[in-house]
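Following: one structure in structure tokens, then a few remarks.
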Amino acid sequence: MSNIIGITMGDPCGVGPEISVRALAGMTPQERATIRIYGNLKTLEAAREALDITVDLAPHVVDLPIEGAPLAWGQLSPVAGDAAFRFIEKAVRDAEAGTIGCIVTAPINKEALNLAGHHYDGHTGMLRSLTGSKAAYMLLASERLKVIHVSTHVSLQEAIRRSTTQRVLATIRAGDAHLKRTGYAAPRIAVAGINPHCGENGLFGTEDDEQIAPAVQAARAEGIDAYGPISADTLFYRAYAGAFDLVVAQYHDQGHIPVKLVAFDTAVNVSVDLPIDRTSVDHGTAFDIAGKGIADHGNMNSAIAYARKLVSGAAKRG
């Protein structure tokens, strides 16, 4: 596996260019040699100027054209949405070819993406489509709490429909395999219930007994150290305190809220079960501060650090 990390610049009008440049500037020459930024050089140079730092960008940039670059900061633009898509598409093809070992994505704007005619619910769906994958799971990783999701960008009503035994089991398997890649010999995986108190023996719904419990039993039969369903109102605290290595959340907010509460600036978004590796910052384009040179790149540093872990020998795809 290549040790090259490919950073996609994200929406050219957002903070992606700034956090990419600031992260590059903070690296040692040896670390910098393993970085390629998939973006637009003129935009990145404008970000460098806004940051008032000096770093030689050209050797580290896969330069893709944007008409009228640099675009105005903080503006919703279909031109920017199309550019963000093209950066990701190029990085995916290079990852598939083995030129880079992992993609780190800076934030995109979903509205700009859709205005440009690229109709995806976000990075994960786009990456699944570009790689022809049947499934991809969103895992949020922080130091003390890691969460993988059965579903993400769908309505709560649709999320409940998607918590089938088959899908929950597939999510458990994906999380188990990913944690084993990153050094856990036998990950302890807790599966959150979907109803209050896991349905209280059918009083508040039967999905936990009929759909989720059989998935946990099947995972255990395969040798996975899985537990549940466990009531979500206590589970995340227990996992944060060290009782479990990974939580399977049934829907977007169930998993995102606790992670963002305890690790808002450091959590990393990881795409699991794709044929390529991808990590991401866990924040948006922040149009309101774009171009002001004040965007915090700590989350980008965390995403790059996780990517380095994935491309290291200890985390090779098995």
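Brief remarks follow.
- Cβ-Cβ distances below 7 Å connect the following pairs, each with a first residue in the range 252-271 that is over 20 Å from residue 122 (Cβ atoms), a second residue that is basic (Lys, Arg) and outside any strand (DSSP E or B), and a separation of six or more residues or different chains: 262/144.
- Pick from the range 51-95, criterion of a type in the set (Val, Ile, Thr) and surrounded by fewer than 19 Cβ atoms within 10 Å (Cβ to Cβ), ranking: nearest to residue 29 (Cα to Cα): 55
- Looking only at the range 105-123, and only at residues there that are in contact with a Ser or Thr (Cβ under 9 Å, 6 or more places away or on another chain), among the aliphatic types (A, V, I, L, M) and closer than 23 Å to residue 272 by Cβ, the one that is most open to solvent (accessible area, probe 1.4 Å): 108
- Number of positions in the range 124-143 that are over 19 Å from residue 283 (Cβ atoms), open to solvent by 50 Å² or more (accessible area, probe 1.4 Å) and touching a residue at least 60 places away in the same chain (Cβ under 8 Å): 1
The rows are residues; the columns are (1) open to solvent by 10 Å² or more (accessible area, probe 1.4 Å); (2) assigned to a helix (DSSP H, G or I); (3) aromatic (Phe, Trp, Tyr); (4) touching a residue at least 40 places away in the same chain (Cβ under 8 Å).
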residue	(1), (2), (3), (4)
172	no, yes, no, yes
180	yes, yes, no, yes
185	yes, no, no, no
191	no, no, no, yes
194	yes, no, no, yes
198	yes, yes, no, no
212	no, yes, no, yes
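- Single unsatisfied condition, residue 50 versus (1) without any contact (Cβ under 8 Å) to a residue 60 or more places away in the chain; (2) over 13 Å from residue 10 (Cα atoms); (3) aliphatic (A, V, I, L, M): (1)
- Complete set of residues in the range 284-306 that are open to solvent by less than 30 Å² (accessible area, probe 1.4 Å), hydrophobic (A, V, I, L, M, F, W, C) and out of contact with any Gly (no Cβ under 8 Å at 6 or more places or on another chain): 295, 300, 303, 304
- Among the residues of the range 223-238, those that are within 17 Å of residue 137 (Cβ to Cβ) and in contact (Cβ under 8 Å) with a residue 40 or more places away in the chain comprise 224, 226.
- Lone unmet requirement of (1) over 23 Å from residue 301 (Cβ atoms); (2) crowded, with 23+ Cβ neighbours inside 10 Å for residue 267: (1)
The values are calculated or read from the model by the stated rules, or taken from the named source; none is laboratory data. Note that the structure is a prediction, hence the values are computed from the model and not measured. No Cβ is skipped: glycine too gets one built from the backbone with ideal geometry, and neighbour counts run over all protein chains shown. Heavy atoms of the whole protein, side chains included, go into the accessibility calculation; ligands, DNA and RNA do not. Shrake-Rupley method; radii C 1.70, N 1.55, O 1.52, S 1.80 Å.
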